[in-house]
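Right, one structure below, let's go through it.
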Amino acid sequence: MLVEGTILRGPRFEPVEGRVVVEDGEIQTVEETSVESDDVVLPAFVNAHTHVGDSIAKEAGEGLSLEELVAPPDGLKHRLLRAASREEKIAAIRRSARQMQATGTASFVEFREGGVEGVYALREAVEGLDVDPVILGRETVEAMEASDGFGASGANDAEFSTERNATERAGKLFGIHAGEADPSDINPALDLSPDFLVHVVHPEPLHLDRIEDSEVPVVVCPRSNLVTDVGVPPVRELLDRTTVALGTDNVMLNSPSMFREMEFASKLTDASATEVLRMATRNGAAVADLNCGTVEPGRDAKLLVLDGDSDNLSNSQDVVRAVVRRAGANDVKEVVL
């Protein structure tokens, strides 16, 4: 298989004219050569933090606080999830997964509510699709054992040492929300030696030092943070300290579109376009321990092809900046997963 156009090659997304040679689902070579295509070829996205069960109740909860919206066990989302049938949840999740696949997301890291049954429901929802979720069970050790790891709500909700120890013994991922509403749960979250933190909107200097020293990645979700009125994550400070990935968070609050998340992050923060694209691809893959996120030999061939001559992208003077700040679903020409 050959994919031709302007290729955003390697970790720096260097724009080169040429073709990507794919065999058996793996990138074999990236050939720099003259081609006829105006397409733009980049790595498919990795959405590093989602709650797709919320797909049953998009735009619910206007005006509610963060705690009223999502705090377990009686936040609005949890009440709605309990009230919905299994069939309703699966159908809604499948729609969100299809949307992610169609807009170039190769994988999403899901903090999965509902215990073991929630894990099974998500697997059923994505059956037959090419988007491949990394599922982190919640609430029980059994949910972790049935999935790819454990996704903890936050260190102020519970102690989580039992779940952390079991996850480590199983050799699986452990992620935890921290610093979303305030800084009080960041230190206890770091004490658990997580594989990654989510949100970190309110870190203090000590927390930033600990994050840097422990080299723990952070997944930021700036659209969600503004919707819930908790603030804006200090993306520049985090980028200077550690690996930072990008997630869309609750489908109840935001569409699971990495195009929208990239544009928002780029225009809201002082991260460069290259840094934001890396957050949406290579860094998300690193958080999820996936072999994709970069167009280079040896990587899985998870690719997104955009029409560089679309009305939206034509005449772009900086292709990476255009992809991050301007591209959208209508520019998608092909998704290779």
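Where Rh is the Kirkwood radius over the Cα pairs of the stretch 144-190, the temperature 4 °C and the viscosity 1.567 mPa s, what D in µm²/s does Stokes-Einstein return?
After rounding, the answer is 119 µm²/s.
Where the eigenvalues come from the Cα gyration tensor of the stretch 73-192, what are the semi-axes √(5λ) of the equivalent ellipsoid, largest first, in whole Å?
In descending order, the three semi-axes are 25, 16, 14 Å.
Putting +1 on Lys and Arg Cβ atoms and -1 on Asp and Glu Cβ atoms, find which of Val3, Ala84, Ser224 reaches farthest to the positive end of the dipole of the chain.
Ala84
Under a Cβ-only charge scheme (Lys and Arg +1, Asp and Glu -1), can you give me the dipole magnitude of the stretch 172-262 about the Cα centre, in debye to the nearest 20?
For this selection, approximately 400 debye.
What distance in nm lies between label points placed 7 Å from Cα along the C-beta direction at Asn291 and Asp191?
My value for the distance between the label points is 3.9 nm.
Under a plain spin-label model, where a point goes 7 Å from the Cα along Cα-to-Cβ, how far apart in nm are Glu159 and Ala102?
The modelled label-to-label distance comes out at 4.8 nm.
Report the charge-dipole magnitude of the stretch 1-97 in Debye, nearest 20, computed about the Cα centre from +1 at each Lys and Arg Cβ and -1 at each Asp and Glu Cβ.
Magnitude of the dipole: close to 760 debye.
What is the spin-label model distance, in nm, from Asp24 to Glu127 if the labels are put 7 Å beyond Cα along the C-beta direction?
Between Asp24 and Glu127, the label points sit 2.9 nm apart.
Gln317 label point, 7 Å along Cα→Cβ, cut-off 19 Å on backbone N: hits in the stretch 40-55?
Output list for this probe position: empty.
Calculate the dipole size of the chain relative to its Cα centre from +1 charges on Lys and Arg beta carbons and -1 charges on Asp and Glu beta carbons; express the result in debye to the nearest 20.
That gives the chain a dipole magnitude of about 440 debye.
Which whole-number percent gives the relative contact order of the stretch 1-133, counting Cα pairs below 8 Å spaced six or more residues apart?
With pairs under 8 Å counted, the relative contact order is 21 percent.
Taking only Cα atoms of the stretch 53-126, what ratio of Rg to Rh do you get with Rh as the Kirkwood inverse-distance radius?
In the stretch 53-126, Rg relative to Rh is 0.97.
Express in nm, to one decimal, how much length is gained between Asp209 and Met1 on full extension, taking 0.36 nm for each residue of separation and deducting their alpha carbon distance.
70.3 nm
Less than 10 Å Cβ to Cβ from Gly308, Lys/Arg counted +1 and Asp/Glu -1: what total charge do the surrounding residues give?
-4
Quick check on the chain: helices-only [θ] at 222 nm, where DSSP H runs of length 4 and up contribute -39,500 (n - 2.57) each and the sum goes over total residues. Nearest 500, please.
One gets -9500 deg cm²/dmol as the mean residue ellipticity at 222 nm.
Taken together, the values in this text are just the output of simple stated rules run on the coordinates, not laboratory data. Predicted, not measured: the structure shown is a model, and the values here were computed from it. In this analysis, Cβ positions are derived from the backbone assuming ideal geometry, glycine residues included, and neighbour counts consider all displayed protein chains.
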